[in-house]
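Peer 1: Would you mind keeping the following structure in view while I ask a few things?
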Amino acid sequence: MTKAYPSNLTHAQYELLSDMIPEAKPGGRKREVEMWEVLNAIFYVLVEGVRWRSLPGDFPAWQTVYTYFRNWRKDGTWLHIHDSLPEWTRIEIERHRSPSEAIIDSQSVKSAATVSQQVGFDAGKKIKDRKRFMTVDTLGLVLRVLVTAANVGEREGGKKVLKRVKQSRTQGCRLTIIWVDGGFNGEPFMQWVMDFCRWIVQVVLRPEQTKGFVLLKKRWVVERTFGWLMGCRRLVRDYQLLPETSQTFIYVAMIRIMV
């Protein structure tokens with residue numbers, strides 16, 4: 001038995017996820033670890049920000065935990081689990097299972113010194129390394145995320161992440177309006193969204209001559225999602241060699257929030 005770490009799933013929370021966890025592959029040795037313990041170990045790494053090798057000894061071996069995390073990233077298990085939960089969450093509060101509006105924004109984050117792939121410099125925010133493009137619904141639930149080098153422009157990254165939303169089977173089926181800030185403004189970007197996605201772009205600008213915090217229509221929702229993610233120490237800085245792994249950790253963080 002592991003200790004009762006704050007990041008652990010309860011029995012009820014694990015029951016929500018257990019049916020979506022892949023069965024053991026036929027042949028070979030019988031699965032010896034409990035999937036509840038594996039999930040708790042992954043959430044511990046996410047929330048506490050430790051290295052895989054630094055997992056406490058009362059969890060399964062770190063090699064086993066990391067292998068499950070990596071394999072589920074490659075076979076799409078994490079994305080499948082993530083995409084199932086927003087529908088349940090929206091239905092529970094009497095919303096339609098898929099959103100009709102979405103908000104897009106980007107967040108530049110510093111990366112560890114060991115990260116060398118897809119890094120750049122964001123001249124606007126004066127931050128070197130990586131950028132997260134996030135698309136969320138009006139509840140702040142993530143639809144799709146894209147991690148790139150920090151020097152990727154807003155409109156270029158916006159097109160890529162919206163293309164992922166469009167290509168998903170359920171996330172973008174009812175979307176009609178995309179709310180953005182001034183960084184995504186411009187006729188070419190709006191025209192591309194209308195031609196490729198059949199959606200309308202609404203730009204919300206900060207009032208001129210204002211100082212300090214201003215609550216902006218719709219845009220505050222994605223900022224709150226960024227705040228949720230900052231509650232996970234693993235996401236405060238980008239430690240992942242591969243951008244795909246960074247994206248997976250964001251989906252895992254949202255899974256934990258939704259359950």
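The values are calculated or read from the model by the stated rules, or taken from the named source; none is laboratory data. None of the values given here were measured: they were computed from a predicted structure. Please note: Cβ atoms are built from the backbone with ideal geometry, for glycine as well, and neighbour counts cover all protein chains shown. All accessible areas refer to the heavy atoms of the entire protein, side chains included, with ligands and DNA or RNA removed. Shrake-Rupley method; radii C 1.70, N 1.55, O 1.52, S 1.80 Å.
Peer 1: (1) more than 22 Å from Q171 (Cβ to Cβ); (2) under 19 Å from the mean Cα position of the chain (by Cα); (3) assigned to a loop (DSSP other than H, G, I, E, B): which one isn't true of S98, the others all being true?
Peer 2: (1)
Peer 1: Could I ask something else about it? Hey, among the residues in the range 107-127 that are among the hydroxyl-bearing types (S, T, Y) and part of a loop (DSSP other than H, G, I, E, B), which one's least open to solvent (accessible area, probe 1.4 Å)? Full working, then the answer.
Peer 2: In the first step, residues of the range 107-127 are kept if they are among the hydroxyl-bearing types (S, T, Y); the result is 108, 111, 114, 116.
Narrowing the set further to residues that are part of a loop (DSSP other than H, G, I, E, B) leaves 114, 116.
Details: T114: 113, S116: 85 Å².
Ranking the qualifying residues of the range 107-127, first place goes to S116.
Peer 1: When residues of the range 59-78 are filtered for being of a type outside the set (K, R), buried (at least 19 other Cβ atoms within 10 Å of the Cβ) and assigned to a helix (DSSP H, G or I), how many remain?
Peer 2: Qualifying residue count for the region: 5.
Peer 1: Across the range 164-213, what is the number of residues that are among the basic types (K, R), in contact with a helix residue (DSSP H, G or I) (Cβ under 6 Å, 6 or more places away or on another chain) and assigned to a loop (DSSP other than H, G, I, E, B)?
Peer 2: Number satisfying all stated conditions: 0.
Peer 1: Of the residues that sit in the range 16-57 and are among the charged types (D, E, K, R) and at pLDDT 90 or above, which one is surrounded by the most Cβ atoms within 10 Å (Cβ to Cβ)? Can you show your working first?
Peer 2: So the first thing to find is which residues in the range 16-57 are among the charged types (D, E, K, R), and the list is 19, 23, 25, 29-32, 34, 37, 48, 51, 53.
Narrowing the set further to residues that are at pLDDT 90 or above leaves 19, 34, 37, 48, 51, 53.
Values: D19: 8, E34: 12, E37: 19, E48: 16, R51: 10, R53: 8.
Per the stated criteria, the residue is E37.
Peer 1: Right, next: Pairs only if they're at least six apart or on different chains, beta carbon under 8 angstrom, first in the range 41-67 and of a type in the set (D, E, K, R), second surrounded by 19 or more Cβ atoms within 10 Å (Cβ to Cβ); list them, first residue then second.
Peer 2: If the second residue must be surrounded by 19 or more Cβ atoms within 10 Å (Cβ to Cβ), the pairs left are E48/R234; R51/V45.
Peer 1: Would you be able to say whether some residue in the range 92-104 is farther than 26 Å from E244 by Cβ and touching a strand residue (DSSP E or B) at 6+ places or on another chain (Cβ under 8 Å)?
Peer 2: Yes, because at least one residue in the range 92-104 is farther than 26 Å from E244 by Cβ and touching a strand residue (DSSP E or B) at 6+ places or on another chain (Cβ under 8 Å).
Peer 1: Just checking, how many residues over the range 31-58 are closer than 16 Å to L17 by Cα and in a helix (DSSP H, G or I)?
Peer 2: Residues that pass the stated criteria total 9.
Peer 1: Hey, could you check the range 150-180 for residues that are of a type in the set (S, T, N, Q) and over 18 Å from the mean Cα position of the chain (by Cα) and say which is surrounded by the most Cβ atoms within 10 Å (Cβ to Cβ)?
Peer 2: From the range 150-180, those of a type in the set (S, T, N, Q) are 151, 167-168, 170-171, 176; that's our starting set.
Right, trim to over 18 Å from the mean Cα position of the chain (by Cα) and you get 151, 176.
On the way: N151: 17, T176: 13.
The residue in question is N151.
Peer 1: Residues of the range 18-36 being closer than 16 Å to T77 by Cβ and out of contact with any Phe, Trp or Tyr (no Cβ under 9 Å at 6 or more places or on another chain), which ones?
Peer 2: Within the range 18-36, D19, M20, E23, A24, K25, R31 qualify.
Peer 1: Sticking with this structure for a sec: Kindly indicate whether any position in the range 10-17 is of a type outside the set (A, V, I, L, M, F, W, C), in a loop (DSSP other than H, G, I, E, B) and either without any contact (Cβ under 8 Å) to a residue 60 or more places away in the chain or over 20 Å from W88 (Cβ atoms) (or both).
Peer 2: Yes; the residues of the range 10-17 include at least one that is of a type outside the set (A, V, I, L, M, F, W, C), in a loop (DSSP other than H, G, I, E, B) and either without any contact (Cβ under 8 Å) to a residue 60 or more places away in the chain or over 20 Å from W88 (Cβ atoms) (or both).
Peer 1: Condition (residue is within 19 Å of D238 (Cα to Cα) and either in contact (Cβ under 8 Å) with a residue 40 or more places away in the chain or open to solvent by 60 Å² or more (accessible area, probe 1.4 Å) (or both)) applied to the range 87-106: is it met by at least one residue?
Peer 2: Taking every residue of the range 87-106 in turn, at least one turns out to be within 19 Å of D238 (Cα to Cα) and either in contact (Cβ under 8 Å) with a residue 40 or more places away in the chain or open to solvent by 60 Å² or more (accessible area, probe 1.4 Å) (or both).
Conditions (1) of a type in the set (V, I, T); (2) touching a helix residue (DSSP H, G or I) at 6+ places or on another chain (Cβ under 6 Å); (3) at pLDDT 90 or above, marked per residue:
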site	(1), (2), (3)
D75	no, no, yes
W78	no, yes, yes
E101	no, no, yes
A112	no, no, no
V115	yes, no, no
V119	yes, no, no
D122	no, no, no
K126	no, no, no
F133	no, yes, yes
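Peer 1: Hey, another quick one. Within the range 182-193, how many residues turn out to be open to solvent by less than 50 Å² (accessible area, probe 1.4 Å) and either modelled with pLDDT under 90 or over 23 Å from L139 (Cβ atoms) (or both)? Full working, then the answer.
Peer 2: Initial filter on the range 182-193 (open to solvent by less than 50 Å² (accessible area, probe 1.4 Å)): 182-184, 186, 189-190, 193.
Checking which are either modelled with pLDDT under 90 or over 23 Å from L139 (Cβ atoms) (or both) leaves us with 182-183, 186, 189-190.
Looking only at that region, the number is 5.
Peer 1: So how many residues does the range 219-259 have that are of a type outside the set (A, V, I, L, M), open to solvent by 50 Å² or more (accessible area, probe 1.4 Å) and touching a residue at least 12 places away in the same chain (Cβ under 8 Å)?
Peer 2: Count: 9.
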